[in-house]
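The structure under discussion appears below in the form of structure tokens.
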Amino acid sequence: MKAWRRDGDGAACAMLPEEADMLANLGRQVLGLHRAVIDHRAAADDPVMGRLYPSAYAADEDAAEFRRLASSDIAADRIRTMARMVADLESALPAEGDEADDAELLIAVDAEGADAWLRSLGEVRLVLHVRTGQDRAELTPGVTDEDIAQLRDVVDWLGFAQGTLLEALE
């Protein structure tokens, strides 16, 4: 990926198809987490859900009432935001069956899209950071130290993407 740069009121960057595909896939996974909130399927004890949807109040009753009243609206807003990033990536990727080459893809977003990307990149980073920081006993069986190191590299890459986008917009 090349750093984001200012483009009118938005920003643009270049990504390899593999990078765009990976980020779209991660975005779809985070979309699934937000949809689980709306469908009341979210695991209350999942550390990721605790970070994405922290308690708004210290008192359990107040926190539960806030969750009941606001979680679906918050999740719907986050779904719209993440779906924007995923759609931008999917529209830049070659159509299925097309000869894919290693040519860089241009990703260009307006100001509203840039805001969606900043928020979405932050959410993906948060999810991966929490998942890679868990105790080894909590990880999926078969996950190796090398797998964790690779995911941490992705978190760093996402930080580069988010940081250069923010700099481009300043």
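A few comments on the model shown:
One line per residue, one yes/no per condition, for (1) touching a residue at least 12 places away in the same chain (Cβ under 8 Å); (2) in a helix (DSSP H, G or I):
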{"position": "E19", "(1), (2)": "yes, yes"}
{"position": "A24", "(1), (2)": "yes, yes"}
{"position": "D45", "(1), (2)": "no, no"}
{"position": "G50", "(1), (2)": "no, yes"}
{"position": "E65", "(1), (2)": "no, yes"}
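- Residue in region 80-93 that is part of a loop (DSSP other than H, G, I, E, B), surrounded by fewer than 18 Cβ atoms within 10 Å (Cβ to Cβ), within 19 Å of the chain's Cα centre (by Cα) and at pLDDT 95 or above present: no
- Selection within region 5-64: residues that are among the hydrophobic types (A, V, I, L, M, F, W, C) and touching a strand residue (DSSP E or B) at 6+ places or on another chain (Cβ under 9 Å). The member of this set that is nearest to H129 (Cα to Cα) is L23.
- So I107, is it modelled with pLDDT of 95 or more and closer than 20 Å to L169 by Cα: yes
- Evaluation of L93 against (1) touching a Pro at 6+ places or on another chain (Cβ under 8 Å); (2) without any contact (Cβ under 8 Å) to a residue 12 or more places away in the chain (one fails), failing number: (2)
- The residues on offer are L166, L158, and the sole one that is closer than 18 Å to T81 by Cα, within 14 Å of the chain's Cα centre (by Cα), surrounded by 12 or more Cβ atoms within 10 Å (Cβ to Cβ) and at pLDDT 95 or above is L158.
- Residue satisfying all of: in region 26-43; among the charged types (D, E, K, R) and part of a helix (DSSP H, G or I); farthest from A95 (Cα to Cα) among these: R35
The values are calculated or read from the model by the stated rules, or taken from the named source; none is laboratory data. Predicted model only: the values in this text are computed from it and were never measured. FYI the Cβ positions are ideal-geometry reconstructions off the backbone, even for glycines, and counts take in every protein chain you see.
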